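Input: a single structure, listed below in structure tokens.
The values are calculated or read from the model by the stated rules, or taken from the named source; none is laboratory data. All values derive from a computational prediction rather than experimental measurement. Quick reminder, even Gly has a Cβ in these numbers, built from the backbone with ideal geometry, and neighbours come from all protein chains shown. What goes into the accessible areas is simple: the full protein's heavy atoms, side chains included, and nothing from ligands, DNA or RNA. Shrake-Rupley method; radii C 1.70, N 1.55, O 1.52, S 1.80 Å.
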Amino acid sequence: MAHTGTTTDVLIVGAGPVGLSAAAELRRHGVRCRLVDRLPARLPYAKAVGIQPRTLELWDRMGLIRAVLEAAVPMRGQLTYVNGAEAARIVLELPPDVPYGFAALPQYETERLLEEYVAGLGTHIERGTELVSFVQDPDGVTALLRSSSGFTEELRVPYLIGCDGAHSVVRKTLGLSYEGGAFPESYMLGDVVAESDWDLPRGYALRCEHRAADGSLDDVLVCIPLPGAGRYRMSMKVPPELDGAAQPPRTASPSDGLAHGLQGGHGPELSHLQAVVDRLAPGPARLSELRWSSVFRISHRIVGRYGEGRVFVAGDAAHIHPPTGAQGMNTGIQDAADLAWKLALVVKGEAGPALLGSYDAERRPVGEEVVGRTVRHATRGIENDRDDLTTLLLREAQLLVGYRGGPLAGAPYGPVDAPQPGDRAPDCGGLSTPIAVHPMRLLDVLRDRPGHVAVLYGADVTGLARAVAAARAAAGERLPLDVVALLPREADPDTAPALGAPVYRDAAGAFARIYLPDGATGFVVRPDGQLAARFPLGATTAALTDCLKALSVPLRDPVVA
């Protein structure tokens, strides 16, 4: 057995979308990591296919968005048929200031794009390598890894992240509870081409139900469009001859009683899928080109806490729930984004270890809400949600996830209906520079800036210059901080050549309309796109000092703004 000293900062177990996202964010912040996965190759399963607008915003900031947009297809809505008649139509239309809509992309393509991105940053997946065990102490984690060839390695690392799915070795070793329940039914999935005369609007999903006389649901077919002419991921109740409910999940250990995810045993054939389409679809369709199929089970569970000491869990290792609304993978990716920037600051000595406690404080309430909501939607139908349609869609898009009142959210300031600390930092368009002849978005300004970004808004050039200097001095060398000056629409950007920061102008007035600045106002945007602070420019030093306190960073002498 080889013994490896501390040659990396973070060990990530599991190279699905969540583990890859954690690696991407850590490497983007300059943190060394190893990424191991027990599978010898990426699985060719569509599985999670929905990409939420919030995830696209995160990928935009990473610089991955162009590759994703070229590979994905739009999701514009869903048609629901009940007993052969159209019963509901949901149009996935978001407010115009939201930069991205809903998208569909097979999980194997999501993993491919993330894997290529991470490889470009110097980290490659160590395939066929599994975590056998680990122990931790106050100074680090000692992990035992085993390759498919039987080679074992004892690795010493400061931190470990378990992104190893519903049957997580990391979660079990930590002894974390995983409370919840399971749906009694089994379902089957298939990735197929449908040659049909369905009169469906382009980019629409299809849900076909059969309801008994008492209104109970006794049969269902869901078709999600995928890239490729006529290709869908179809899901439906499994026929009795294929019911794998009594079989252990393919990834489960013999002692693991959790039934969730893809099952072992005989998967459905094209004829099984065709039979359901024939009896439920709104018109004839001939299925062909079955790429893969499986029987699966649904559970709903959430971990008691998202980590312990130097070890954390994310994604399915922390929460599982019905696939309704495509929330699972996206929630896991946001887990990874939240944890990674915090780990990066701590590893580099730019924040104190107490910062890592905010991961559970921020993300576990989100996980609880998602689990509860998806169970309600799966049992009662999303169309019966009590929220108005706009709120419903914003929540499904994960644009309402926020941490107001959390350990890192600064004090509120300004109008009560304005974006406040803890909220998502909304995008806006219509920004300009003296050189660019085309309008820019706030996301363009934030892109490829991995750390915190202070956006300082005001018309008084002298006041802006003082605030820029105060922000830089308050952050010092301990907190990575980019500073951007933003002038109101009526200002002349040529009058501010010496602010000591990039200068943009709110040429369309969109920033003022969305952010509702109360005069000269500063904002700090976190690496994951949430607002950390909102403050009057005259209080720049105090606001940045409070940010540093929240990050557990030793403070320098105050600088007068």
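For the range 372-506, the solvent-accessible area of protein heavy atoms averages 46 Å² per residue (probe radius 1.4 Å; ligands and nucleic acids excluded). The residues neighbouring A326, those whose beta-carbon lies less than 15 Å from its own, together hold a net charge of +4 under the Lys/Arg +1, Asp/Glu -1 convention. If you take the Cα centroid of the range 161-225 and the Cα centroid of the range 34-91, the two points sit 14 Å apart. Averaging 1/r across all pairs of distinct Cα atoms in the range 275-327 and inverting the result yields a Kirkwood radius of 15.0 Å. Counting DSSP beta bridges with both partners in the chain, what percentage is antiparallel, nearest 5? Counting only bridges with both partners in the chain, antiparallel ones make up about 70 percent. When the Cα positions of A485, V132, L217 are compared along the charge dipole of the chain, V132 comes out farthest toward the positive end, with charges on each C-beta of Lys, Arg, Asp and Glu. The candidates R449, R112, arranged from most to least accessible area with a 1.4 Å probe in the full protein assembly, appear as R112, R449.
Set against the labelled values [x] 1.04; [y] 0.95; [z] 0.99, Rg/Rh (Cα atoms, Kirkwood Rh) computed from this structure falls on [z].
How long are the semi-axes of the equivalent ellipsoid of the range 23-181, taking √(5λ) for every eigenvalue λ of the Cα gyration tensor, in whole Å from largest down?
They are 36, 20, 16 Å, listed largest first.
Within the same chain, lysines fewer than 8 places from K342 are excluded, and of the rest, those with a Cα less than 18 Å from its Cα are K549.
Can you tell me the dipole magnitude for the chain around its Cα centre, using point charges on the Cβ only (Lys, Arg +1; Asp, Glu -1), in Debye to the nearest 20?
720 debye
Here the gap between S216 and Y108, fully extended at 0.36 nm per residue and compared with their Cα-Cα distance, gives a gain of 35.4 nm. Cα centroid separation, the range 266-302 to the range 390-449: 40 Å. Taking the three principal axes of the alpha carbon atoms in the range 108-183, the coordinate ranges are 38, 36, 27 Å, sorted in descending order. Per residue, the convex hull spanned by the alpha carbons of the range 73-155 comes to 273 Å³.
For the chain, the longest principal axis of the C-alpha atoms and the axis of helix 17-28 are separated by about 20°.
Radius of gyration (Cα atoms) of the range 266-363, expressed as a multiple of 2.2 N^0.38 Å: 1.64. Using alpha-carbon positions, what is the distance between the centroids of the range 93-108 and the range 360-382, in Å? Cα centres, the range 93-108 to the range 360-382: 20 Å. Normalised Debye scattering of the range 407-452 at q = 0.17, 0.18, 0.26 Å⁻¹ gives log10 I(q)/I(0) of -0.69, -0.74, -1.01, counting only Cα atoms as equal scatterers and leaving out solvent.
Taking other residues whose beta carbon is less than 12 angstrom from the beta carbon of S147, and scoring Lys, Arg as +1 and Asp, Glu as -1, yields -1. Set against the 2.2 N^0.38 Å expectation for a compact globular protein, the range 304-406 has a Cα radius of gyration ratio of 1.18. Over the range 352-449, all Cα pairs binned in 10 Å intervals from 0 give whole-percent P(r) values of 12, 30, 33, 20, 5, 0, listed from short to long.
Given charges of +1 on the Cβ of Lys and Arg and -1 on the Cβ of Asp and Glu, with all other atoms neutral, how large is the dipole of the range 25-149 about its Cα centre, in debye to the nearest 20? Walk me through the intermediate numbers first.
Working: 15 positive and 16 negative charges, 43 e Å.
Around 200 debye, computed over the range 25-149.
Gyration tensor over the Cα atoms of the range 448-549: the corresponding equivalent ellipsoid has semi-axes (square roots of 5 times the eigenvalues, largest first) of 20, 15, 13 Å. Compactness of the range 1-103 was expressed as the Cα radius of gyration divided by 2.2 N^0.38 Å, which yields 1.50. Taking a straight Cα-Cα cut-off under 25 Å and skipping sequence neighbours fewer than 8 places away in the same chain, the lysines within cross-link reach of K47 are K172, K237.
Per the helix-only calculation at 222 nm, which mean residue ellipticity applies to the chain, given -39500 (n - 2.57) for every DSSP H run of n ≥ 4 and division by its residues, nearest 500 deg cm²/dmol? Don't skip to the answer; put the middle values down first.
On the way: 13 runs with 149 residues, N = 561.
The helix contribution divided over the chain gives -8000 deg cm²/dmol.
Taking the 1.4 Å solvent-accessible surface of the range 380-508 as the whole, the part contributed by carbon and sulfur is 52%.
Between the amide H of Q530 and those of A425, distances stay under 5 Å, these residues lying 5 or more places away or on another chain, with hydrogens modeled in the peptide plane. Put simply, the range 16-64 fits an ellipsoid with semi-axes of 20, 19, 6 Å; these come from the alpha carbon gyration tensor as the roots of five times its eigenvalues, largest first.
Pairs of alpha carbons in the range 147-213 separated by more than 21 Å make up 64% of all such pairs. Electrostatic tally near P421: other residues with Cβ closer than 9 Å to its Cβ, Lys and Arg +1, Asp and Glu -1, net +1.
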